[in-house]
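Here's the structure, in structure tokens; my notes come after.
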Amino acid sequence: MPQYFDHYINLVADVELSQAFADSIQQLNELNKDLLMSLEGRSYAPDKWTVKGILQHIIDFERILSYRVLLFARNEGSVPQSVEEKLLGANMNAEKRSIDELIDELKIVRASTNSMFGSFDDEMLQNKGTNWKYEISVLAMGFTIIGHQIHHCKIIEEKYFPLLEANQTNS
């Protein structure tokens, strides 16, 4: 289990990667868009993203991780440059987009990622590279991408949805 990324990987059900991708699309299909829209512009604490910001973050990092996966799968050999998450987040423009647009884009990106992983043979899935500062296999990166979505969806459920309940209590 790759260090650091294990907390994302452990969130994914113990299934084949192709099933995990299908499950992740199902999770996106089951998102309650009305609840997400009712959280418009809100965050649970200062300096935390809004729900739109979280969705854009998932999209951005899936693209970044997919690029790294491609390098690792093809044994390209370079260590991809790091990414400044806070700078990326500060310039994401997510608040100008709708929840529907963001979820649709995430589904498109996820379908592309799934297709890329489907093109890899077993040897490619076992190839390794350095992601951030840790060695990780292509296969583990696939589960990391999915676990990253699960992680952020849990944050939305646990920290953002209660904001709506607090509003109802105060009304």
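Listing for the model above:
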item: Charge dipole of segment 6-101 about the Cα centre (unit charges at C-beta), most positive-ward option of Trp49, Val12, Ala90; result: Ala90
item: Ranked by how many other beta carbons lie within 10 Å on average, peptides 148-154, 111-117, 91-97, 51-57 from highest; result: 51-57, 148-154, 111-117, 91-97
item: Mean Cα-pair separation over length for the chain, i.e. relative contact order, pairs under 8 Å, 6 or more apart, %; result: 41
item: Rounded if a/c under 1.5, otherwise prolate or oblate - segment 62-117, Cα gyration tensor axes; result: oblate
item: Contour excess over end-to-end distance, with Cα ends at Ala45 and Asn93 and 0.36 nm allotted per residue; result: 15.3 nm
item: Pairwise label distance in nanometres, Asp122 with Glu105, each label 7 Å out on the Cα-Cβ vector; result: 3.9
item: For segment 121-131, Karplus couplings with θ = phi - 60° (6.51, -1.76, 1.60), whole Hz, Gly/Pro x; result: 8, 4, 5, 5, 5, 8, 4, 10, x, 9, 9
item: Assigned charges on the beta-carbon of Lys, Arg, Asp, Glu; the chain dipole about Cα centre (debye); result: 440
item: Simple spin-label estimate for Met1 and Glu85 in nanometres, 7 Å along Cα-Cβ; result: 1.9
item: Per-residue [θ]222 nm for the chain (sum of -39500 (n - 2.57) over DSSP H runs n ≥ 4, rounded to 500); result: -19000 deg cm²/dmol
item: Kirkwood-type radius of the chain, with distances r between different C-alpha atoms, in Å; result: 16.9
item: Net dipole in debye of segment 48-141 [+1 Lys, Arg Cβ; -1 Asp, Glu Cβ; about Cα centre; nearest 20]; result: 280
item: Segments 4-14, 64-74 sorted - mean Cβ within 10 Å per residue, highest first; result: 64-74, 4-14
item: C-alpha center-to-center spacing [segment 101-169, segment 1-44] in angstrom; result: 6
item: Which of Tyr134, Tyr44 is most accessible, then next, and so on - probe 1.4 Å; result: Tyr44, Tyr134
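The values are calculated or read from the model by the stated rules, or taken from the named source; none is laboratory data. Because the structure is predicted, anything quoted here is derived from the model rather than measured. Neighbour counts run over all protein chains shown; Cβ positions are idealised from the backbone, glycine included. Only protein heavy atoms, including side chains, enter the accessible area calculation; ligands, DNA and RNA are left aside. Shrake-Rupley method; radii C 1.70, N 1.55, O 1.52, S 1.80 Å.
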